[in-house]
Structures are given as C-alpha cells and as structure tokens.
Amino acid sequence: MTIALIVVGAVLYGVGCFATMNIVIGTITFRPAAFISCAWGILFGPWVGGAAAAIGNTFISDVLSGWFGIGGVGGFVGNFIMGFLPGLLVRDPRKWLPISLWSCIASILCGICIGGWQQIMNINQFWVMCVAVWACNIPINVVLTPIAVKLLLPRVVKRNLYWKELPGQAEVEGDEPSPQ
Amino acid sequence: MGVLTMMEAAKRDSCIHRLNPLSKMIFCICMIAIPIITINPYVSLILLAVLWILPLPAKLQDIFYPTMIKLYPTMLILLLIIWPFFYPHGEHVLVHFGVIHITLEGLFFAVAQALRIAVAITGCMYFVMVTEIIDLSSVLGRALQKVGISYTAPFMITTSFKFLPEFLGTYSTISESFRARAFQLDKGSLLQRLKNFIPLFIPLIDTSLGKAQNIASAMLLRAYGSKKKRTYYTVYSFGIGDLLFVLMSLALVAFAVWGKVKVLGGFDLHI
C-alpha cells in the first residue's frame with residue numbers, strides 16, 4: 001500500500017505543480033499544489049509524503065516542463081523534506097496550528113535546500129531563490145494544508161489508510177487517540 | 001496539457017530513439033556536468049550549437065526548436081537580471097547608486113551564466129524527448145538489481161508515469177463536471193481562482209485514493225515483493241550506436257574541460 005500511495009501522491013503532486021508551471025519566478029514556479037506534499041506526509045506518513053513529493057517534483061513536474069537537470073537535486077531534497085517533516089512532527093492532524101507551523105518550517109527548509117543547491121551550483125543567488133521559494137510555498141502550505149487535511153482526514157480514515165492506524169503502527173504510536 | 005502531447009509526439013522512430021536508455025542517461029549526466037565544470041560562454045556557445053544539431057538525426061526539428069525558443073526566455077531572463085547585481089568585481093562601472101553596483105563585466109558574467117544553464121536545459125530537454133522514461137526506469141531497475149539494489153524506486157517512477165494519463169483524464173472529467181454545473185473555475189482574481197480549485201482537488205484526491213487501493217490490490221495479487229529479483233520483458237542491447245553516442249557525450253565533457261583549462265576566448269570572470 002505504501003508504494004501505491006507514493007505513486008499516487010507523486011502523480012498528484014507532479015501534475016498539480018505542472019498545471020501551474022506557467023506562473024514562473026526565475027527557475028521556480030508558483031505552485032498552489034504544494035500543500036499536497038505536506039498533507040500527504042501528515043495523512044500517510046513521513047516517508048510516503050517525502051518520497052511522493054520528491055518523485056512528483058523531480059521526475060514528473062520537472063520532466064514534463066523540461067526543467068529536469070542541474071537544479072533538480074536541490075528540488076528533490078527540498079521537496080522530500082517538505083513532505084517528510086510535517087508527517088514526522090504533526091502528532092494530531094485535527095489541530096490546525098501544528099499543521100501550519102510544521103508546514104511553514106518544512107517550506108522554509110525546502111527554500112534553504114533549493115537556494116543552497118542553486119548557490120553551490122552557481123545557478124542563482126541563495127537569498128533570491130530562498131525568498132522566491134518561501135513566497136511561493138509558505139502561504140500555500142500554511143493556509144491550504146490544514147484545510148486539505150481537515151477535509152481529507154475523514155475520507156482517509158474511512159478507507160483505513162491513515163498511517164497511524166495502519167497495522168504495525170499501534171505499537172509505535174502507543175496509546176494516541178484515533179483522529180475520528 | 002500541451003507538453004504531454006509534445007512529449008508524446010517526440011517519441012519517434014530514429015537512430016537516437018532506438019539507443020539504449022542508459023547511454024542516453026550518460027549523455028544527460030554529461031550535459032548536467034558540463035555547466036558545473038565551466039561557465040566559459042565560448043564553450044557554452046559551441047556546445048549549444050552541437051546540441052541544436054542533435055535534433056536532426058532524431059527527426060525532432062519541428063518539435064525541439066519551437067519548444068526551446070519558448071523555454072529559454074522563461075528560464076533565463078531572471079538569471080540575466082539578477083546576476084549583474086551580485087557580481088562584485090569589474091572595472092567598467094555602468095551603474096553605481098547606493099548598494100547597487102553594476103559593471104560591464106557583471107553583465108558579461110550574467111550572459112555566461114545564462115548560456116551555461118541553457119546548455120543544461122537544452123541537453124536535458126533533448127534527453128527527455130528522445131527517451132521513454134518508462135524504458136529508462138526499467139533499464140535502471142535492471143542495472144540496480146545487478147548490484148543488489150532493490151527495483152522499488154525505479155518501479156515507483158515507472159508506475160507514476162504509467163498512471164499519468166489516467167490521472168489527467170480524471171482531472172479533466174472532474175473539472176468538466178464542475179463546469180457542466182456552471183462552476184466557473186477560471187473566474188475572478190488569482191486568489192479567487194485558487195479558492196475555486198479547492199473543491200476540485202478534494203474529489204480528485206478522493207478518487208486517487210481509490211486508485212491507490214486498486215494499485216495495491218493488483219500488486220498484492222501479482223505477489224509484488226515476494227521475490228528479491230524480478231524479471232524484465234524487454235532486453236536493451238548496447239550496440240555500436242550507443243558506443244558512439246557515449247563517446248560523443250564524453251568528448252563534449254572533454255571539450256568543456258579543455259576550454260576551462262585553456263581559458264578559451266580569454267574569459268576569466270568568476271565570483
């Protein structure tokens with residue numbers, strides 16, 4: 001199931017990002033679908049969220065738009081963190097504050113990864129890229145991720161796909177209550 | 001989704017398309033390595049000229065050239081604008097106002113940066129056009145399996161690409177059904193349009209979860225993961241054409257190294 005969720009998440013994220021590829025800010029784009037990575041991590045676990053975001057960004061969105069290449073490494077790592085971190089650190093998906101907070105921090109780290117890599121590769125200036133990524137991702141993730149999680153959580157739980165309730169997670173999570 | 005149509009149209013029968021995906025991947029790696037090796041604009045210009053000839057044997061001239069002409073401005077304009085502000089050296093001052101210090105050398109450096117990135121973009125776009133990603137994942141999976149690495153990662157990439165048209169179809173169906181109920185997705189300001197897309201995303205994700213369960217069931221039924229090694233239907237050979245293509249890629253890298261060492265054209269700008 002993990003692989004299937006990664007595949008579906010990657011396609012959704014890749015297509016969602018690619019759909020708004022025409023809103024370009026230098027070598028990055030404004031992407032309203034950025035919330036998918038954080039939401040996927042929170043709903044299906046950090047590894048699923050991280051892998052889906054990394055594959056979706058680099059192998060689908062970048063390939064479709066022709067941006068696949070030198071800058072992709074920073075995007076791969078940054079997007080992985082954006083999906084991984086909220087999944088790892090949001091304990092209760094019903095509370096919007098930790099979701100917004102960790103999504104915001106994950107977006108900041110994503111910007112640092114992309115900006116840092118572009119600076120290392122001498123493609124662009126660190127702060128220019130960082131600020132551009134933050135401007136694109138932070139508002140979207142802070143606002144849309146809690147909304148998406150709130151709307152999707154009942155459906156995910158109903159399908160028995162919520163990662164903290166999957167078999168084998170009970171021992172890891174201890175006696176954490178069900179989100180429903 | 002014009003790009004998908006373009007990519008589909010780019011999959012033709014030519015001597016380049018028939019090459020082993022691994023040799024095309026080596027070419028792509030070389031195209032990524034060259035801009036890391038040097039920013040010399042004379043090297044970049046010569047390499048760009050070579051890259052613009054490569055669509056001819058691939059019979060891609062009607063797709064490749066218009067795509068690149070559209071792609072270059074969006075990718076390179078910011079580099080051309082930003083870099084002169086951050087280039088700290090140069091004797092020929094053009095603008096000096098407060099912290100803003102723009103020199104002629106800075107402008108030249110920006111052009112060199114843009115050309116360097118153009119090489120990477122062009123090479124990677126060519127690679128994407130002449131390579132079926134599913135073939136590449138398959139051959140990569142096979143190669144990784146030989147050195148004891150699981151085929152799961154290439155499998156995920158392959159499956160993602162296989163499901164891409166299906167997801168686009170679902171997205172299209174959902175958006176059409178919204179429009180049929182007089183819901184105007186493209187109406188209003190940017191913020192309003194973003195809000196319009198929220199009710200569209202929820203059924204899309206919900207439908208996708210159903211698809212994920214179907215994929216998982218199909219994998220389970222076919223005993224995915226029960227054996228450490230999997231078999232492959234297609235066998236990709238490595239022929240003389242592949243050898244020549246790899247040698248050409250390595251020759252381009254060697255040229256870039258030579259251009260850097262020899263300071264081709266006297267270009268010696270750096271941060």
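The figures follow:
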| item | result |
| --- | --- |
| In the stretch B:103-132, the residues that are among the β-branched types (V, I, T) and within 12 Å of another protein chain (Cβ to nearest Cβ) | B:I117, B:V119, B:I121, B:T122, B:V128, B:T131 |
| Residue in the stretch B:81-102 that is buried (at least 22 other Cβ atoms within 10 Å of the Cβ), more than 30 Å from B:V139 (Cα to Cα), at the interface with another protein chain (Cβ under 9 Å from one of its Cβ atoms) and in contact with a Gly (Cβ under 8 Å, 6 or more places away or on another chain) present | yes |
| Residue within the stretch B:170-192 that is touching a residue at least 60 places away in the same chain (Cβ under 8 Å) and in a helix (DSSP H, G or I) present | no |
| Residue identified as assigned to a helix (DSSP H, G or I), of a type outside the set (G, A, S) and away from chain B (no Cβ under 12 Å) among A:I99, A:I60 | A:I99 |
| Count - residues of the stretch B:40-67 that are of a type in the set (G, A, S) and either over 20 Å from the mean Cα position of the chain (by Cα) or surrounded by fewer than 19 Cβ atoms within 10 Å (Cβ to Cβ) (or both) | 1 |
| Index of the failed condition, B:M68 passing every other in (1) modelled with pLDDT under 85; (2) within 22 Å of B:M248 (Cβ to Cβ) | (1) |
| Which listed residue, of A:K150, A:K164, is surrounded by fewer than 22 Cβ atoms within 10 Å (Cβ to Cβ), at pLDDT below 85 and in a helix (DSSP H, G or I) | A:K164 |
| So B:K24, is it in contact (Cβ under 8 Å) with a residue 12 or more places away in the chain, under 15 Å from the mean Cα position of the chain (by Cα) and either more than 14 Å from every other protein chain (Cβ to nearest Cβ) or more than 21 Å from B:K260 (Cβ to Cβ) (or both) | yes |
| Qualifying positions in the stretch B:204-241 - assigned to a loop (DSSP other than H, G, I, E, B) and within 9 Å of chain A (Cβ to nearest Cβ) | B:Y224, B:G225 |
| Some residue of the stretch A:115-132 being under 15 Å from the mean Cα position of the chain (by Cα) and assigned to a helix (DSSP H, G or I) | no |
| Candidate set: the stretch A:102-122, residues that are buried (at least 24 other Cβ atoms within 10 Å of the Cβ) and in contact (Cβ under 8 Å) with a residue 40 or more places away in the chain; chosen: the one nearest to the other protein chains (Cβ to nearest Cβ) | A:Q118 |
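The values are calculated or read from the model by the stated rules, or taken from the named source; none is laboratory data. None of the values given here were measured: they were computed from a predicted structure. With ideal geometry, Cβ positions are generated from the backbone for all residues, glycine too; neighbour counts draw on all protein chains shown.
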